[in-house]
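So the structure is just underneath, and the comments pick up after that.
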Amino acid sequence: MHIKVIGQGPDLVMLHGWSMHSAVWHDMTEALAKTFTLHLVDLPGHGQSAWHEHELDLAVLLANLASELPKSAYWLGWSLGGLISIAFADQFPERVEKLVLVAATPCFVEKDDWSCAMDPAIFQAFSENLKHDQADTLHRFLLLQARGSVHSRDTIRQLAEQLAIEKPPVEEALLAGLNLLISTDYRAQLAMLDCPIMMILGDRDTLIPSTMLDVVKQMTSNVQTTLLTGAGHAPFISQPKECLQAIELFINE
């Protein structure tokens, strides 16, 4: 697994979202690297990380992350990266000092007792479309992530530019990532975490309704929340200054 290490100071692990790679953090890394040692992870089959079968099986992935990352660190995960970060904090609680979840949720799909999520059929459709036209499917997902943001055009452009820096993700890795989004429910585990948690969400996110923040605050007293006005599913791109301020304030407090 390719992990780029830059900066100086306390360790901060950063996990990207589905179909992307660590370059997506470009707008924030320069500022964060002044005060943190950043561990920028390319998930298996994404960016500069090679793909081997089963590497995105959650148990395998967590074990590999544990073997390659610091024994103690702050963790920052976006979308799918946030879900994986919750799972890591549950499995290795002593290794996560604080957890920052950007446009992430413990359960991405709707259930009878969880309405603040997406219809699983949407993710299933992405999975089916990937097999026929990967490029078009990834473009559609870019549009979905930026939709609703007051800076949607700029967000789409920046996401597309960062995605183009590396070769396209491996199809098997994309399918495995979608399976994680569809099948993983870590609500109970999130509620049991002892580490302080910050959840940052855009009020125009089309994947995660803002009502999710209120529901999570009823689940655990360890969570703080920041709702960014006008932001979609990539608030660290559309509102980088506000997002950065919330992250630094939470980690340093």
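The values are calculated or read from the model by the stated rules, or taken from the named source; none is laboratory data. Computed from a prediction, not measured in an experiment: that's the story for all the values here. So basically every Cβ, Gly included, is an ideal-geometry build from the backbone, and we count neighbours across all protein chains shown.
A few comments on the model shown:
- Single residue of 190, 174, 244 found to be buried (at least 22 other Cβ atoms within 10 Å of the Cβ), over 27 Å from residue 137 (Cβ atoms) and not polar (S, T, N, Q): 190
- Residue check, residue 100 of a type outside the set (D, E, K, R) and modelled with pLDDT under 95: no
- When 49, 67, 85, 79 are screened for being free of Cβ contacts under 8 Å to residues at least 12 places away in the same chain and polar (S, T, N, Q), only 67 passes.
- Of everything in region 3-34 that is over 16 Å from residue 70 (Cβ atoms) and more than 17 Å from the chain's Cα centre (by Cα), the residue that is surrounded by the most Cβ atoms within 10 Å (Cβ to Cβ) is 31.
- Flag if residue 44 is touching a strand residue (DSSP E or B) at 6+ places or on another chain (Cβ under 6 Å) and farther than 26 Å from residue 241 by Cα: no
- Checked against (1) crowded, with 24+ Cβ neighbours inside 10 Å; (2) without any contact (Cβ under 8 Å) to a residue 40 or more places away in the chain, residue 62 meets all criteria but (1).
- The residue that is nearest to residue 175 (Cα to Cα), counting only those in region 35-53 that are hydroxyl-bearing (Ser, Thr, Tyr) and surrounded by 16 or more Cβ atoms within 10 Å (Cβ to Cβ), is 49.
- Screening residue 56 on (1) within 30 Å of residue 143 (Cβ to Cβ); (2) surrounded by fewer than 23 Cβ atoms within 10 Å (Cβ to Cβ); (3) out of contact with any Ser or Thr (no Cβ under 9 Å at 6 or more places or on another chain) shows it passes everything except condition (2).
- Pairs with Cβ under 9 Å, 6+ apart, first in region 166-180 and part of a helix (DSSP H, G or I), second β-branched (Val, Ile, Thr) and modelled with pLDDT of 90 or more: 180/84
- Only residues that are in a helix (DSSP H, G or I) and under 16 Å from the mean Cα position of the chain (by Cα) were counted across region 214-245, and they come to 7.
- Residue 70 vs. criteria more than 18 Å from residue 236 (Cβ to Cβ), surrounded by 24 or more Cβ atoms within 10 Å (Cβ to Cβ) and either within 16 Å of the chain's Cα centre (by Cα) or at pLDDT 95 or above (or both): no
- When 24, 13 are checked against the criterion of being touching a residue at least 24 places away in the same chain (Cβ under 8 Å), more than 24 Å from residue 126 (Cβ to Cβ) and either in a loop (DSSP other than H, G, I, E, B) or among the hydrophobic types (A, V, I, L, M, F, W, C) (or both), 13 stands alone in meeting it.
- Whichever residue in region 181-215 is free of Cβ contacts under 8 Å to residues at least 60 places away in the same chain and among the charged types (D, E, K, R) and, among such residues, is farthest from residue 121 (Cα to Cα): 214
- Filtered residue count, region 75-102, keeping only those that are outside any helix (DSSP H, G or I), out of contact with any Cys (no Cβ under 9 Å at 6 or more places or on another chain) and either surrounded by fewer than 23 Cβ atoms within 10 Å (Cβ to Cβ) or of a type in the set (D, E, K, R) (or both): 1
- Some residue of region 137-144 being outside any helix (DSSP H, G or I) and either surrounded by fewer than 21 Cβ atoms within 10 Å (Cβ to Cβ) or over 15 Å from the mean Cα position of the chain (by Cα) (or both): no
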